[in-house]
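Below is one structure, written out as structure tokens; comments come after it.
The values are calculated or read from the model by the stated rules, or taken from the named source; none is laboratory data. Being a predicted model, the structure only gives us computed values, none of them experimental. Don't worry about glycine lacking a Cβ; one is built from the backbone with ideal geometry, like all the others, and counts go over all protein chains shown. SASA here: full protein model, heavy atoms, side chains in, ligands and nucleic acids out. Shrake-Rupley method; radii C 1.70, N 1.55, O 1.52, S 1.80 Å.
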Amino acid sequence: MGNFFISPTGAGDKSGKDASNAAPIGSLNTLIGKAGAGGQVLLLADKGDYTVSGILGITRGGTAGAPVTIRGVDSAGNAADAHIVGTRPAGWKAGDAAGNELFKLGTGADHLAFENLRIDNVQSAFRASADISDLTIQHVDANNVRRFFEDLASSGTATVQGLKISDIAVQGFSRNVVRLQYDSSDVVIEDVRADLGGQVGDDFPIGVHLDGTVHNVTIQRATIENVRSLTGGYLNGDGFATERGVHDVQFIDTVARGNSDGGYDLKSENTTLLRAVSEENGRNYRLWGSVTMRDSVGRNPVWRGGSSEQNQLWLDSAANVTIINSVFEDAGTRTKVISSEGKLVLNGVKITHAEGATLYTKTTLPGLSGQDTVSETVVAGQGESSAGYKTTSSATDPATLLLASISKGETLLAASNLLRGVGDVGLSLFEPRSAFEPFGGDASVAQSLFKAPSDAGIVEVGKAQRLAFNDFAAHPLK
């Protein structure tokens, strides 16, 4: 076990034994081997950009419980993002070269962790090209990539067993943020923020795509936005998609927004959606297999052209779906709220739709149950679609009381209302929960504030004021 150093072009004798003798980036695989189980390869982040025009092939790793960590640091050893720049054209547009692959993980690249990197202008930031296990990628930002991570075999399979992708931001991708296939399993994808960034024109863009027999996957606190196609008879572009053969997938506190096709296009079996948000997609939820959805939101679907429909919920004939305590709301006259040919059970669902919109298509009714638990509200239409529309809270809703008290200048009462609130504060005002990081870093902390137990503590009055007037989706608190 040891620590070895890398700089963009190397220094001293380039052995990597210390920062003054840092090896060049092309020596990465060699130094992983030298570092050994539990060792580190440290990429100096304050020595300039790492300009890489080819592939950094990796065939060495650590051992179970003792991975080799590759991470960015400054010269004092503090965590800092090492900046790697590839050959993909900046401002990529359809028809341009895809750029170079960066980290290619082959046979032997097991038990590795990558941290504190900034990766720009590459075809793929990480590619598993063979069967590997125990891979962690965290605290990485990427800009202008075709794919951030994929497993694509050079020959045979490239199954990844034990994958964690955490705290990732991707701005500008043309194909996928994450693509997993083969028999990959035991996967956690969390705290991911990704926006296509206008890179339209690649084939079948999808934010997170699970294929093959991928299984045992948890996706949590992930937001995928603006995955779109602009041409063709059917406009592809899904936030999250799973294919037939995939099973046992959980979505927790995830958000799909502004995608041209499905927010969630799920063909997997034994799929769970908990506190999911889907808004301003062509079809907010497009479900083909067995799905349980709980405490989730569909809002303002938007048809952007092509042969698709504008739906909150679309079910295939093979679908078997249960939806519990969830909300669907919009004021678009083009919307078919539920278009289903499968089996659908509703339990405690609230639906707000425009006058003239379709609540249930005719094909929905034979497989539908639980209509008597549905709360339906009809509102005036705001055009064919209603991006940005939110329902108004009732006069007795704690959120309304909070707003009212602040509007009168009674800020102490506002804080008190927030703390003691009666009942639920209302998904329509405070979703998505992922916007509440300033209140402790995760949704559960925010939720405890809004449920407001008597021992929740004291809320700063100024923060309560900002809370009431803030549009969390557009302007998260800082």
Quickly run through segment 117-134 and pick out the residues that are of a type in the set (A, V, I, L, M) and crowded, with 24+ Cβ neighbours inside 10 Å.
L117, I119, V122, A125, A128, I132
Is it the case that T213 is of a type in the set (S, T, N, Q), open to solvent by 30 Å² or more (accessible area, probe 1.4 Å) and over 14 Å from R286 (Cβ atoms)?
yes
Which count do you get for residues in segment 145-201 that are of a type in the set (S, T, N, Q), farther than 19 Å from N100 by Cα and outside any strand (DSSP E or B)?
5
When D238 is run through (1) surrounded by 17 or more Cβ atoms within 10 Å (Cβ to Cβ); (2) over 23 Å from V277 (Cα atoms), the failure sits at (2)
Pairs where the first residue, in segment 9-32, is touching a residue at least 40 places away in the same chain (Cβ under 8 Å) and the second is among the basic types (K, R) and buried (at least 19 other Cβ atoms within 10 Å of the Cβ), C-beta under 8 Å, 6+ apart
I32/R60
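Rundown of residues vs (1) of a type outside the set (G, A, S); (2) open to solvent by 20 Å² or more (accessible area, probe 1.4 Å); (3) touching a strand residue (DSSP E or B) at 6+ places or on another chain (Cβ under 6 Å); (4) closer than 17 Å to H209 by Cα, yes/no style:
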{"site": "A256", "(1), (2), (3), (4)": "no, no, yes, yes"}
{"site": "L266", "(1), (2), (3), (4)": "yes, no, yes, yes"}
{"site": "T271", "(1), (2), (3), (4)": "yes, no, yes, yes"}
{"site": "N284", "(1), (2), (3), (4)": "yes, no, yes, yes"}
{"site": "W288", "(1), (2), (3), (4)": "yes, yes, no, yes"}
{"site": "M293", "(1), (2), (3), (4)": "yes, no, yes, no"}
Members of segment 157-195 found to be of a type in the set (K, R) and closer than 22 Å to A109 by Cβ, listed by number
K164, R179
Search segment 298-316 for residues that are of a type in the set (V, I, T) and pair each with any residue that is buried (at least 19 other Cβ atoms within 10 Å of the Cβ) and part of a loop (DSSP other than H, G, I, E, B) when their beta-carbon atoms are under 6 Å apart and the residues are at least 6 apart or on different chains.
V302/E280; V302/S385
Would you point out which residue out of G289, G305 is of a type outside the set (A, V, I, L, M, F, W, C) and more than 14 Å from E243 (Cβ to Cβ)?
G305
Given the residues V200, V188, V192, V177, which is the only one that is open to solvent by 30 Å² or more (accessible area, probe 1.4 Å), within 14 Å of the chain's Cα centre (by Cα) and among the aliphatic types (A, V, I, L, M)?
V188
Tell me the strands (runs of 3 or more DSSP E) entirely within segment 1-72 that contain at least 1 residues that are open to solvent by less than 30 Å² (accessible area, probe 1.4 Å), touching a Leu at 6+ places or on another chain (Cβ under 6 Å) and of a type in the set (D, E, K, R).
none
Residue set A130, A113, A76; condition in a strand (DSSP E or B), free of Cβ contacts under 8 Å to residues at least 60 places away in the same chain and either over 18 Å from S7 (Cα atoms) or among the small types (G, A, S) (or both); output residue A113
Of the conditions (1) within 19 Å of V345 (Cα to Cα); (2) in contact with a Phe, Trp or Tyr (Cβ under 6 Å, 6 or more places away or on another chain); (3) crowded, with 23+ Cβ neighbours inside 10 Å, Q310 clears all except one; give me its number.
(1)
Would you check if there is a residue in segment 151-172 being buried (at least 20 other Cβ atoms within 10 Å of the Cβ) and touching a residue at least 40 places away in the same chain (Cβ under 8 Å)?
yes
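Determine whether segment 315-330 contains at least one residue that is open to solvent by 10 Å² or more (accessible area, probe 1.4 Å), under 27 Å from R179 (Cβ atoms) and under 21 Å from the mean Cα position of the chain (by Cα).
Looking for residues that are open to solvent by 10 Å² or more (accessible area, probe 1.4 Å), under 27 Å from R179 (Cβ atoms) and under 21 Å from the mean Cα position of the chain (by Cα), one finds none in segment 315-330, hence no.
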Would you point out which residue out of V255, V214 is farther than 19 Å from V160 by Cα and β-branched (V, I, T)?
V255
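Conditions tested, residue by residue: (1) part of a strand (DSSP E or B); (2) in contact with a strand residue (DSSP E or B) (Cβ under 9 Å, 6 or more places away or on another chain); (3) over 21 Å from T223 (Cα atoms).
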site: P301; (1), (2), (3): no, yes, no
site: G305; (1), (2), (3): no, no, yes
site: S308; (1), (2), (3): no, yes, yes
site: L313; (1), (2), (3): yes, yes, no
site: T322; (1), (2), (3): yes, yes, yes
site: A331; (1), (2), (3): no, yes, yes
site: S339; (1), (2), (3): yes, yes, yes
site: H353; (1), (2), (3): yes, yes, yes
site: T363; (1), (2), (3): no, yes, yes
Residue count, segment 369-386 (criterion: surrounded by 13 or more Cβ atoms within 10 Å (Cβ to Cβ) and touching a Ser or Thr at 6+ places or on another chain (Cβ under 7 Å))
3
